[in-house]
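One structure is given here, and the rest of the page talks about it.
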Amino acid sequence: MNRRQLLKKLLQASAVTGAGVIGASLLPGCQNNRKVSPLFSLDLLDPKLPLPEHLLTPLSEFYVQSYALPSRVDVEKWRLEIKGAVARSLSLTFEEILAQPQEDFYLTMECIGNPAGGNLIGNARWTGTPLLPFLEKAGVKPEAKQFALHGADWYETTLPIAEVMRPEVRLIHRMNGEPLTQAHGYPLRILIPGHFGQKQPKWLTAIEAITTEKRGFWERQGWSNTATIPTHSLIRQIQSTRIWNRHHQASFLPSGETGWTQGILVAGVALDGAAAVKRVFVSTDGGKTWEQAEQNHPQSPHEWTLWRYLWQPSQPGTYTLLARTESARSPHSNFGASQQPLDDANSKDGSSGVLRVQVKLQA
Ligand SMILES: Nc1nc2c(c(=O)[nH]1)N[C@H]1C(S)=C(S)[C@@H](COP(=O)(O)O)O[C@H]1N2
Ligand SMILES: [Mo]
């Protein structure tokens, strides 16, 4: 297909789906504020019940981030090519991939463009098979430096050989027990744990070993080339109020069902791309003092940690709430330089900016 045919196809498809034309989304997370990843869960908000082990984002609320339109893939014709600097190229059918041993695992997907408090984050149970046996069969040549991962929408991203040859890298065909939807990459995507969403191509068509160093689609536009997930935490919920934008405010009456004299429950998630989340702290005085929150301990560092904190304020007024976290790789108990920074910089390395939430307790 030449460029003119491609554009024509995209325009036709966009008329059908009502989605934006290519170019409508020039940031990996700029235009998508219509969905709110829910954290609302009665279990999570009832301090008498233990925190759940997993909190899955329902598919209907899971963010979708695609630079163009979702690709329609005919699974009969579709192949996954493993090619480039390999001893033997492979061309795998969907059936050949399904015939391999399948594993279920939990992983939180987050877009590097997700601002503090943003909704471009979701947690799912994924099903797939390790990529490594296929790469070993293909025989990656010693001169290969990177893998370029290609999607049917011509999306491309790159990673060092060793990153992709980890046993935890998997070819994925199910999400929360369902076949991948078209929007999430049907029939197959790849998950490379520890990295933001841009390193997780959907509609995967080729894994190419290359002998040069190359940047992918978003990386050429200045987004982090490693895109590793830093230690960070997000406030998602205060009582039953969802917190999902940058300058959120919540207000509570003294009495009634969510009256503040009975305590205010603050809840959220914390994530670190490589290490377990050790502790989460909440401040209700703009960062002067910090109290440790209650948290769960997921088995995998790639799944978000859930936390909650019951704040028992004694006086009406306006308060600034913040959350921050420590992981096994930033283990200092005082908030030193390696801690989640307090600034809210709009960084192309992913926001670790801490959300300040204004809470008004009425008299
Ligand atoms: N083929 C393809 N894969 C892609 C993208 C894309 O535009 N095309 N977007 C990436 C980005 S920026 C993110 S954040 C994740 C989002 O995955 P989701 O849409 O399943 O939530 O997909 C990644 N994989
Ligand atoms: Mo993204």
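The values are calculated or read from the model by the stated rules, or taken from the named source; none is laboratory data. Please read all numbers here as calculations on a predicted model, not as lab measurements. Here the Cβ is made from the backbone with ideal geometry for all residues, glycine too, and neighbour counts use every protein chain on show. Heads up: the accessible areas ignore ligands, DNA and RNA and are worked out on the full protein's heavy atoms, side chains in. Shrake-Rupley method; radii C 1.70, N 1.55, O 1.52, S 1.80 Å.
A few remarks follow.
- Extension reserve of the residue 251-residue 360 stretch, reckoned as 0.36 nm per residue once the Cα distance is removed: 38.8 nm
- Evaluated at q = 0.19, 0.24, 0.25 Å⁻¹: base-10 log I(q)/I(0), Debye formula over Cα of the stretch 114-205: -0.94, -1.37, -1.44
- Calculated SAXS-style log₁₀ I(q)/I(0) at q = 0.27 Å⁻¹ - the stretch 46-124, Debye, Cα scatterers: -1.19
- Given R0 = 30 Å, the distance between the Cβ atoms of residue 220 and residue 165 translates into a calculated FRET efficiency of 0.80.
- Restraint check, 137/348; 137/202; 77/348; 83/202, Cα-Cα greater than 27 Å: 137/348; 77/348
- One chain, two ends: residue 136 and residue 89. Fully extended at 0.36 nm per residue, the span grows by 15.8 nm beyond their Cα-Cα distance.
- Modelled label reach - residue 228, point 7 Å along Cα→Cβ, the stretch 258-281 residues with backbone N closer than 20 Å: 270-279
- A viscosity of 1.306 mPa s and a temperature of 10 °C, combined with the Kirkwood radius over Cα pairs in Stokes-Einstein, give a translational diffusion coefficient for the stretch 203-257 of 97 µm²/s.
- When 282, 75 are compared by accessible area at a 1.4 angstrom probe, the order from most to least is 75, 282.
- Simple Cβ-charge dipole of the stretch 241-303, Lys/Arg +1 and Asp/Glu -1, about Cα centre, in debye nearest 20: 160
- The stretch 54-83: GluC sites (Glu not before Pro) falling in loop per DSSP and having at most 11 other Cβ within 10 Å: 76
- Average accessible surface for the stretch 162-305: 38 Å² per residue, computed with a 1.4 Å probe over protein heavy atoms with every protein chain in place.
- Our summary of shape: the Cα atoms of the stretch 244-301 have principal axis extents of 42, 24, 22 Å, ordered from largest down, in whole angstrom.
- Kirkwood-based Rg to Rh ratio, the stretch 52-210, C-alpha trace: 0.95
- Overall dimensions of the stretch 159-316 by Cα: Rg and Dmax, Å: 20.3, 66
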